[in-house]
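Here the structure comes first, spelled out in structure tokens, and everything after it is commentary.
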Amino acid sequence: MKYALLLLTVCCGAIALLLAESESSKSSDALAATPPMGWNSWNHFAAKVSDAIIRQQADAMIASGMKSAGYVYVNIDDTWEGERDASGVIHSNNKFPDMKGLADYVHSKGLKLGIYSSPGPKTCAGYEGSYGHEEQDAKTYAEWGIDYLKYDWCSADKLHLDMQQTYQKMHAALLKTGRPIVFSLCQYGREAVWHWGASVGGNLWRTTDDIEDKYDRMALIGFGQNGLEKFAGPGHWNDPDMLEVGNGGMNEDEYKTHMSLWSILAAPLLAGNDLGKMTPQTIAILTNPEVIAVDQDRLAVQGRRVWQEGPLEVWMKPLADGSKSVSLFNRGNGPGKVTVRFADVGLGNSAALRDLWSHKDLGVFQTSFSAEVPQHGVAMIKAH
């Protein structure tokens with residue numbers, strides 16, 4: 001009898017664990033049903049980030065039209081961390097005198113606040129990490145009103161931790177708080193994270209090392225995402241790092257390529273510029289509703305490359321309404337003619353096309369469509 005009871009207990013425990021994992025998965029899927037959109041402090045402000053800057057960026061997100069376009073997360077990256085008190089509770093440093101007050105301010109604008117930590121003892125910038133304080137930190141974040149956590153591997157390397165177990169530990173701590181918090185895994189694509197990121201609660205996971213505000217670096221990262229499309233979907237996204245649009249290192253054609261590529265990849269759209277000092281061109285790129293609609297499409301499919309010849313490439317993303325988003329890229333050092341054959345993207349003999357950057361209907365074309373694309377530029381169309 002006691003063995004039967006033991007077996008029953010074990011079985012019930014296993015079923016409960018499976019149900020908990022299932023509910024966790026459903027919760028994660030609902031939390032980031034489409035790729036997260038927002039802003040992160042690191043690319044532009046780095047260690048200069050402060051309470052005042054976060055408030056300014058939140059205000060600018062609204063004034064610029066970014067919020068109306070779908071951007072909602074205002075994320076503090078590294079260097080906010082202060083010391084732990086005698087009980088081990090983390091406190092923010094003097095750049096952030098009142099994190100709860102800051103969260104309340106951001107929430108009052110209809111936006112959400114994100115924060116940053118590391119599973120190691122120190123963050124990348126040498127500030128206090130979460131090692132040994134996972135539940136404490138998660139509880140503190142929830143009490144402050146945090147909505148998003150970027151968890152950066154960094155010094156965890158020195159401890160030789162199991163990466164999957166380490167991320168799962170913080171995910172469990174976040175779940176225990178009862179507050180919905182988007183969980184961003186930042187481990188630079190190591191250990192083929194796309195295979196296991198969703199299983200440890202990741203809503204998004206970095207697939208590469210850091211981006212830079214340079215065309216070659218952006219292109220290497222973005223075009224290198226081909227082949228990872230099967231791992232993306234509602235609640236779990238491949239993350240090729242933040243947007244550099246508006247930081248000044250690329251020209252307008254290159255920034256359009258950046259935005260088009262990230263959108264066709266169904267990548268998180270996290271701006272990394274100064275939202276309070278944007279040119280009209282930068283605003284137009286970041287808030288293009290037709291391009292954003294491709295990224296946020298409810299079919300939740302990551303696009304892929306369907307054709308390549310030298311520096312010329314065609315990428316396609318199927319959309320929920322049955323149409324296809326098609327991007328014609330020119331990675332060469334001069335203008336080039338790029339052609340998409342409708343058969344390559346699953347269309348019939350003819351298709352009605354719309355240019356998503358000029359917001360113009362192009363008409364009906366037979367068999368194929370060609371565009372003269374500038375150096376490092378893109379032609380992005382929607383095809384029915």
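Averaging the sequence gap over all C-alpha pairs within less than 8 Å and six or more residues apart, then dividing by the number of residues, gives the chain a relative contact order of 14 percent.
A simple rule links phi to the HN-Hα coupling: the Karplus curve 6.51 cos²θ - 1.76 cosθ + 1.60 with θ = phi - 60°, which for the stretch 127-132 gives 8, 5, x, 9, 4, x Hz, with x for Gly and Pro. Shown for the chain is the translational diffusion coefficient from the Stokes-Einstein equation, using the Kirkwood radius over Cα pairs, a temperature of 20 °C and a viscosity of 1.002 mPa s: 98 µm²/s. Under 5 Å from the amide H of Leu312 lie the amide H atoms of Arg331, each residue being 5 or more positions distant or on a separate chain, with H modelled from the backbone and absent for Pro and chain starts.
Label-to-label distance, Ala293 versus Gln366, with points set 7 angstrom from Cα along the beta-carbon direction: 2.9 nm.
Rounded to the nearest 10 degrees, the angle from helix 252-264 to the longest Cα principal axis of the chain is 60 degrees. Gain on full extension, evaluated as 0.36 nm per residue between Ala352 and Leu220 minus their Cα-Cα distance, stands at 44.4 nm.
Separation of the stretch 112-167 and the stretch 36-103, taken as the distance between their Cα centroids, equals 16 angstrom. Compute the long axis of helix 163-177 from its Cα atoms, compare it with the longest principal axis of the Cα atoms of the chain, and write down the angle in degrees, 0 to 90, nearest 10. For helix 163-177, the angle is close to 70 degrees. Of all lysines in the structure, those lying under 28 Å Cα to Cα from Lys360, and not within fewer than 8 positions of it along the same chain, are Lys67, Lys256, Lys317, Lys324, Lys337, Lys382. Helix-only arithmetic for the chain: the sum of -39500 (n - 2.57) across DSSP H runs with n ≥ 4, divided by the residue total, places the mean residue ellipticity at 222 nm at -9500 deg cm²/dmol. Taking the centroid of alpha carbons for each part, the stretch 192-221 and the stretch 258-303 are 17 Å apart.
Any idea what % of Cα-Cα pairs in the stretch 110-194 are farther than 22 Å? The share of Cα pairs beyond 22 Å in the stretch 110-194 comes to 19 percent. Within straight-line reach of Lys139, meaning a Cα separation under 25 Å, sit the following lysines at least 8 residues removed in sequence or on another chain: Lys26, Lys95, Lys100, Lys109, Lys112, Lys122, Lys150, Lys169, Lys176. Counting only alpha carbon atoms, the long axis of helix 99-108 and the longest principal axis of the chain meet at about 40°. Remark: spin-label model distance Ala284-Ala192 equals 4.4 nm, labels positioned 7 Å along the Cα→Cβ axis. Between Pro374, Pro119, Pro240, which gets the highest mean-square fluctuation from a Gaussian network model of the chain, Cα cutoff 10 Å? So, out of Pro374, Pro119, Pro240, the one fluctuating most is Pro374.
Legend: calculated FRET efficiency, Asp85 to Glu252, from the Cβ-Cβ distance at R0 = 45 Å, rounded to 0.05, equals 0.35. Couplings 3J(HN,Hα) of the stretch 245-251, computed from phi: 3, x, 8, x, x, 10, 8 Hz, in residue order, whole Hz [Karplus 6.51 cos²θ - 1.76 cosθ + 1.60, θ = phi - 60°; x for Gly and Pro]. Evaluating 6.51 cos²θ - 1.76 cosθ + 1.60 at θ = phi - 60° for every residue in the stretch 87-95, the Karplus couplings come out as 8, x, 6, 6, 10, 6, 7, 6, 6 Hz, glycine and proline recorded as x.
Values quoted throughout were computed directly from the atomic coordinates according to the rules given, and no laboratory measurement underlies them. The structure presented is a predicted model; accordingly, all values stated were derived computationally and were not measured. Because the Cβ atoms are built from the backbone with ideal geometry, glycine has one as well, and the counts that use them run over all protein chains shown.
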